[in-house]
Each structure stands twice: as C-alpha cells, then as structure tokens.
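See structure below.
Taken together, the values in this text are just the output of simple stated rules run on the coordinates, not laboratory data. What you see is a predicted model; the values in this text were computed from it and never measured. When we count neighbours, we look across all protein chains shown, and the Cβ atoms used for this are built from the backbone with ideal geometry, even at glycine.
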Amino acid sequence: MEVLIAAALAVLQPHMLLIVLLGVTAGLFVGALPGLTATMALALMLPFTFAMEALEGLVALGAVYMGTIYGGAFTAILINTPGTPSSIATTFDGHPMAKQGRALEAISIATIASVVGGVVGVVFLLLAAPPLAQLALKFGPSEMFWVAILGLTLIGSLATGSVLKGLLGGAIGLIIGTIGISPIGGESRFTFGWPPLQAGVSLIVALIGLFVIPELLSMMRQGRAAIDSAAGLGDGGFRFGSAMTTVFSKPVNLIRSCVIGQIIAIIPGAGGSITSLVAYNEAKRGSDDPDSFGKGNPEGLVASESSNNVMVAGSMVPLLTLGIPGAPPDAVILGVMLLHGLRPGLELFSETGVLANGFIISMGLAALMLIPVGLLGGRLIYQVIRRTPHYFLVPTILVITILGTYALRNNLVDVALMLGLGIVGFAIRGLGLDAAPIVLGLILGTIAEQGYVQTILGGMAMDIPQLRLLENTLSQILIVLTVAVIGWTAWPRKRRQKD
Amino acid sequence: MTKTKNTSFATLLGAVAGLALAAPAYAQDFPERAIEYIIPFNPGGESDITARMQEPMMEEALGVGVNVRHQPGGGGAVAWAEFQGNAEPDGHEIIGINLPHIVGQPIQRADSGYTTEGFDVITWFHFTPHVLVVRADSPFQTLDDLVNFAKENPQSLTVGGSGTFSGNHLETLRMEQLTEADVTYIPFTGTGPLPAAILGGHVGAVISNSTLAVQMVDDVRTLAVASEERLDVLPDTPTFRELGYDIVGGTYRGVAAPKGTPADRVEMLANLFTEMNTTMAERQVPMGFQMTDIRGQAAVDLLVRMREQYGDFLTQ
C-alpha cells in the first residue's frame, strides 16, 4: 500500500501530468490516421525516452499507446475506416450511428467506454497480475491453434448477410495470409520468385485496402451526399449525459466486454486486433435484439471500445511479470525497460515498486485524460470532416492512406498491394462480401498454422503426433467452446426459418 | 537509482560532446545530406533499439540528420534485396546486417534477392553468443544431463528457438551433431515468444541469444554459453568449450554500405560506430551484448567461417 501511495505521488507531478496529456493527445491523432499504428508511434518516440528518467519514459509510452488505441475510433465512426486494427468492430455500429446524425453521441459513447476499459485494465493489472500471468502461460502451441479455430467461428455470426459469404471471405483471408515466408519452415510461398513478396501481405495493408479504399470510392461515387450522411449534418451534439446512461445501462455488456478484453490481452500473440471483434460478437449474441446490431446499436460500440482499451494495460500483465510482449507495441516498451536496466519479473514490483506501480497508475490517468482530450479532439476532427468539401476530403484521406501504408515498412510494394486490395474490396462489396471476415481470416490463419505445426513437431516422438492437439485441458475446453459456438450459430437460424 | 541514471546520462552527453568535437577531423565533403539508416526488422527488437541509441550520436558527430527507417519482412531479406538493388554507393545509405542471416538466407532460398557478398561491411559492432537455457525447475542441472536424456529418448526433447534455418536453428543442428543428442527443434517467430514457451513449459529447452538469458536470469538456468570465454554477466555459466564441445556461435549485428562505396567513407563510418560502441557499452554490456569491431579482412574471414560452420546444414 505504501508503495502504491509513493507511486501515485511520483506520477501526480505537474510535469508527469503534462507528459500524459501530450502523450494521449499525440496518440489520439496518430490513431485516427489509417496506417499510422501504435507500434510506429512508440518506435518514433524511442530516442526521446532514452534521455528521460525510466519512469518518465514509460509514462510517455503508456500515454501514447492509450491515446492511439482510442483514436482509432474516430475514423471508424466518422468515415467507416478503422484507424487501427483494434477498432474494426467500432465501424459496425459506430458508423451507422453517424449516418443517423448521431456522430458526436457515438464519439461520447466510445469515449466513456474507452475510459471504463482503460481503468478496468489498470485495476486488473494492479490486483490480479500474478494469477493472470499464470493463465497466460497455459496458452502453448496447441491452445493457440484452438484459439484461432474458435476465432474463425466468429465469422459465421459476424457476417451480416449470409453465413456462406462470410465463410468465403474468411477463406480468402486465409489464402492471402499464406503469401510470403512461411512462419514455420521458412519456405517462400506464392512469391512467384519475386523477392518483395517475401514480406507477405501485412495486416495493416489489408485493413486499409479493404476498408478505406472502398469507402473512398463510394464517397466519390455518391459525392457530397455520402459525406453529409456520414458526418451527420442533422447532429444532436455530444449528449454526454445520455451517453453515460447508454454505457452504464447495460452493465452486463460492459463487464463482459472488459473481461473478454482482459483475457485476450494476456494470450500472447493473439494481439489486440481480434479483441474488439470477439467482444462485439458476444455482445450481439447476448443481446435480446441481435438484429439491431450493425444498424447503429450503441451496445456494439460499447463492447468494441471498452474491450480494446482494456487491452492496453491488460497486455502489460505478461509483459511486466514475465517479459512476454503480447502485442507489437509491447515489444517497444520491453525494449525501453531493458535499456533502462529494468528486468520484467516479480522483482520489478518488489525492488522497483514505485516505478512499476507508477507506470501502471499513469495508464489509468491516461485513460481518464481521454475524456477532455477525446471530446475536444473529437469535435475538432468531426468539424474538419464535416466542413471539408468532399473533393478535398477524399483525395486528402487517400494521400494520408498511401503515406501511412508506405511508412509502415517503407515498401512501395505495400502501397501497390493496398490499392489492389482496395479495388478488389470495392468489387466484392458489391457482391455482398464483408471486409471483416477476410481480415479475420488473415489474422487467424497464421496463428492457427503456427500452433498446428509447432504442436505436431513437438509430438515427433509419438506414433500419432496429431493427438497432442487434444492433450491439454485448456485445449479441450477450447474445443468444446468451438463446437458450442458452431451449434449456436446453426441452431437459431433454423428456428428463425421456421417462424 | 536516480543518481546512477544521471551519471550514465552525463557520460552519454559527455561522449556525444566528444564525438562532436572530433567531427571536423573527418573528410569535409561527406556527409553532405541526411544519412538513411535502414533497419530490416520490426520496431522494438535489438537491432532497432541499438539504432535508436546510435541515431542522436551519429547526428551530433556527422552534423547531418540520420533517418532510421524500418523495412521488415522475410527475416530481413526484403530490405537487403532492395538495398543491394537500389541504394547509391556514396555512404549516405547504410543498412543494418545480421549474421548468420545474410549467410543462411541466400543459400536456403532461391528468391532471397540478395547475395552475402553484395555488401561493403562497415563493421560488425555487436555479438550476442548463443545460450542453451532450461526453466529453473527443470531436471536438467547440466548440459550432460540434457544430452544424456536426448540420447536415450530420441526426438522427445523439444528445443525452441527463433526461426527456421536461423542462427538458433543452425546452432541446434550443430549441437546435435557434436553431442550426438537427438532433439526436436521447434521454431517460433522471433525471440518475443520464447520467454512464454520456456516458462509455460511448451518446450523443454530454448536456444537463444545471451540477452535473453540475462533478461530471464531469475526464472531460467543457463546450461551453456557458446562464447569463447565466460560472460561477465553470466559468471556461473560454463562455455560449451569448457564442457568439451567446440561450439562458438551467436548473432552478429553490424552495418553495411552498398558495394562500391568509397573506402575512406566506409572507414570513417566504421570509426564512428566503434566510438559509439564505447558509449553504448555502459548500457548494453549489462544486457548481455558483447561489443565488437570486426571490419575489413576480419569481416570477410568471419563470413567465410560462418559458411564453413553452417553451410553443410543449409545445403543438406
């Protein structure tokens, strides 16, 4: 307790609060721009943190991280474009709300949900880090395989139209995911002898191509009307009070989303990209009125934004206790810690408790800071998008997108792939195929492949190595869950058809 | 703690100032614009963190901007291929290079897009020897325990490492050859997942770099280190040589310029990287890095030695 107070005092200094404020603000704008990711923002900050004290450096990184994940919500709501992979599910209901003229209300709801998520993640980290870390270690190769399979079953219920089209999209994603150097084995696949393709199709490239470009193309086709409806001309303001009521009136949804966010955050390698999708899916499944999802139901927005912000502090559990970076931005934070002579582990808390706890508390502060920064920044971004004529807006977003894609890996091939996928994405949108299942297939395919091959390799001494996939209790639980989800997806459809 | 931090920062500042004073001694016509320093890996890794430390010191010393750019993909191959194809050999474009990566990939993949010899190596500035680690509660107390188990139970001991036909993998193959142990190598994507693999018991042992052994020193037992002499940061860990196996290997990190860059510029950059090493040693040696300065003929010899050590495994 004394350590906590000392840590709080160390963080509640004016200059620390300023670092948090600046970090959250910078992160917000980075997150709002498609193609600029949290990892990139943290990497660019690295040289500055070397000159800082260890605590200052970590506080700055944590604040930027929190701001980035939240900032992805703005573009998701306003122009149907997830600013970061973790806000894919925010587009599902956030953008329909904007189209109904409730853009600022959606931003309010996203902000409150993000704050709740951010604070809950910090509480989990302060109170339950050691047991959560032990749980994280249970996810070995075979468990990861089943996590990926379970994730793929989401496609069936995420698909807005037909399940078949969703599965088709997922299969396309799985195939795209095989391009490049295979994660295990190191062979080149589908590079057609062309060295640049060794890098494969990056998730961000696919995300921008499949979400942003089709949106821009339809804006161009519809002209001013698309922007007007997207930015909600007949706007009713922030409605902060009613947004509070909306978020807290469904406590089950909020708690469930936070718990899902926390569990996925500690699974190494699953990363934040699928957190919001899983939470969204569960919110839809648990709702009395699942058909209203995807049409501007605030519950979907709450699920997505609360779960992805839990992840920021949540992924610090395996990082701080075990030195395992759960998501790419965590790798940068680990690097900074090691450079300052800080080794992850329980000693981090016992020997440098003020520092470790101060870092954690600062993430809570960063989450609270989202309210003023988010509402002001949100209004600014909203006004810019609303007042800019579409013939400026569309090319501007396109240029930012291209720059962001290039900056990702400094690779022009990525830009070409992004634009190519964009045209494909626009075409298949006309056929009723959603982008989300494709992206999900791309993310989970690699995880499943890795888990499968690693498990089989580990069983080389056995007669039937495949049996290792079924060995562990956690694997068995995941298998049961998978079967249950498939059953659930198939069952109500039959029932609905009878009605 | 605060005090030591301040001291090290002061040293850093002092060294930067020293480098700045030394700068006018260098050739006047170079550099005439910003230096592009390409890192062929993701942010947050050892190569990236090192480059981020070098960046401000280089700017001070050279008087021009230094842009550290990431170009990850294909285990480094994408960036190396593009660099050999497009970079101007005038010293303004340099790239991080790693061993045994640049020896292994061109042998193993037909479409890697670059050649091992296609660089002018400036200097290899870091070496992290390989280590063999097990979890602290593992029954293997010594390397012999592990080797004997693996001889009696072929293929049942799993050894995790980063990548396929990477340094970790090749070292595992060499260890199997020299010790006659029969283990199963499990590749992971990078060093990041290895702590979870070993702490969670998903693999029986891990072959990785010395930095990981230092980072996890409280939770693992390091059975042997593949360096010529024991490391100061791991004083109780024997070398493979002490235990009777001639295994010395690890990851070398360095920088290269395009083939055909003027020799005086390459040498000037080499001197700069070596000077920066002195400053960085204070932070990086305790993390498990060994600072090196392998350039010129020695760098060529190193490539030849690497190919002899690992080439057979790659062409089999």
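Structural remarks
- Dipole-positive endmost among B:141, A:437, A:205 within the protein assembly as shown (Cβ charges, Cα centre): A:437
- When you restrict to C-alpha pairs under 8 Å that are six or more residues apart and normalise by the size of segment B:129-225, the relative contact order lands at 47 percent.
- With 0.36 nm allotted per residue and the present C-alpha distance subtracted, the residue A:134-residue A:249 stretch has 38.0 nm of extension available.
- Each label was represented as a point 7 Å from its Cα along the Cα-to-Cβ direction; for residue B:67 and residue A:5 these points are 5.3 nm apart.
- The stretch between residue A:126 and residue A:427 holds 103.6 nm of extra length on full extension. This uses 0.36 nm per residue minus the Cα-Cα distance.
- Neighbour cut-off at most 12 other Cβ (10 Å), DSSP loop, trypsin sites (Lys or Arg not before Pro), segment B:42-143: none
- DSSP-loop GluC sites (Glu not before Pro) across segment B:37-127, with at most 16 other Cβ within 10 angstrom: B:117
- Each DSSP beta bridge with both residues in segment B:129-225 is either parallel or antiparallel, and the antiparallel ones are about 55%.
- Spin-label model distance (nm) - residue B:274 vs residue A:479, 7 Å beyond Cα toward Cβ: 6.1
- The protein assembly as shown: Lys pairs at Cα distance under 28 angstrom, eight or more positions apart or on different chains: 15
- Between the amide H of residue B:239 and those of B:225, distances stay under 5 Å, these residues lying 5 or more places away or on another chain, with hydrogens modeled in the peptide plane.
- Cα-centred dipole magnitude for segment B:129-225, charges only on beta-carbon of K, R (+1) and D, E (-1), debye, nearest 20: 200
- Per residue of peptide B:152-159, the mean number of Cβ atoms on other chains within 10 Å of the residue Cβ is 3.
- Only one residue of A:27, B:50, A:78 has its Cα farthest out toward the positive end of the dipole of the protein assembly as shown, where Lys and Arg carry +1 and Asp and Glu -1 on Cβ, and that residue is A:78.
- Counting DSSP beta bridges with both ends in the protein assembly as shown, the antiparallel % (nearest 5): 65
- A dipole drawn for the protein assembly as shown from +1 and -1 charges on Cβ atoms has a positive end, and of A:399, A:50, B:85 the residue lying farthest that way is A:399.
- Cα gyration tensor shape for chain A, rounded if a/c is under 1.5, else prolate or oblate: rounded
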